[in-house]
Every structure is written in C-alpha cells, then in structure tokens.
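Data first, discussion second: the structure below is written as structure tokens.
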Amino acid sequence: VQLQASGGGLVQAGGSLRLSCAASGRTFSRMVMGWFRQAPGKEREFVAAISWSGRRTEYADSVKGRFTISRDDAKNAVYLQMNSLKFEDMAVYYCAAGERYGTPRRESYDYDYWGQGNQVTVSS
C-alpha cells in the first residue's frame, strides 16, 4: 500500500488546514485509517482514526472538538480537517493504514502502512 499525504503548510493560530491522504495498492475500504503526528523532540502521538465503515472515529483529547477525520472510499482517501489550530499542533503529520482491525486504533503498532510526513506549521 502506498500512502500519499498532502495539504500541510503554514497557518496562523486559530486558522484551519485540511490534510489529505490518498491510498493505492490494496482494498482501501477494508482498512482502518489513522493520523499521527510528531513534534520536534517528542515521540509520535496518535491524533485521530476512523473505522472501515467510517461510522466510528477516535480522537486524542488534545484535538477533540477541533479536528475531524473522514474518509471517501470512492476516492481511496482519508482527510483530517483541522480547525482552531494552536501552536502546540505544530508537527509533522503522518497518515497510516491498518488491515488487521476494523475499529479505530490508537497505537502506531496497529498500523501496517505509513505515508510520508507532512509538515504543519502554526504561527502565533
């Protein structure tokens, strides 16, 4: 599976960005999709995940109410809409795909495929 993420960039605090991740090579509709992020000097952390069906989602407490994960199986894509961005949201964001589970997963080891990182920079 190849995952190609896009949509990162520079935004002012309080602004919005939407990350996209396009998948190819496997049956996308049978994969759990997730977003993780890694800030300088910190470990990679869970941000959001969505089930096969799209009906179940999970969010890190730090982004709940501000970020929304969604998927479009017709386009083999998953999205992360990020609103009310804060300085502490600045990180490299990664999309991930897992084929072993149907429900959203919070642990990076539950994912089998990873996209390249996408930098999100938040200015004050």
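The values are calculated or read from the model by the stated rules, or taken from the named source; none is laboratory data. Note that the structure is a prediction, hence the values are computed from the model and not measured. With ideal geometry, Cβ positions are generated from the backbone for all residues, glycine too; neighbour counts draw on all protein chains shown. We work out accessible area using only protein heavy atoms, side chains counted, and drop any ligands, DNA or RNA first. Shrake-Rupley method; radii C 1.70, N 1.55, O 1.52, S 1.80 Å.
For the chain, what % of the accessible area comes from carbon and sulfur atoms, probe 1.4 Å? Result for the chain: 45 percent of the exposed heavy-atom area is carbon or sulfur.
For region 1-85, what is the accessible area per residue in Å², given a 1.4 Å probe and the full set of protein chains? Each step should come with its number before you reach the end.
Working: 4350 Å² over 85 residues.
Here the residues of region 1-85 average 51 Å² of exposed surface.
When restricted to Cα atoms, region 1-45 yields an Rg and a Dmax of 13.5, 37 Å, respectively.
On a 1.4 Å probe surface of the protein chains, which of 93, 59 comes out largest in accessible area, and what is the full order? Could the numbers behind the result be given before it?
Details: 93 0, 59 35 Å².
Putting 93, 59 in descending order of accessible area: 59, 93.
Placing dummy labels 7 Å off each Cα toward the beta-carbon, the span from residue 108 to residue 81 is 2.8 nm.
Go through 27, 39, 114 and say which Cα lies farthest out towards the positive end of the charge dipole of the chain; charges sit on Cβ, +1 for Lys and Arg, -1 for Asp and Glu. Most positive-ward Cα: 27.
Around residue 49, under 11 Å between beta carbons, what's the net of Lys plus Arg minus Asp minus Glu among the other residues? Walk me through the numbers before you get to the answer.
Details: positive: 56, 71, 105, 106; negative: 58, 107, 110.
That sum, taken over residues with Cβ under 11 Å, equals +1.
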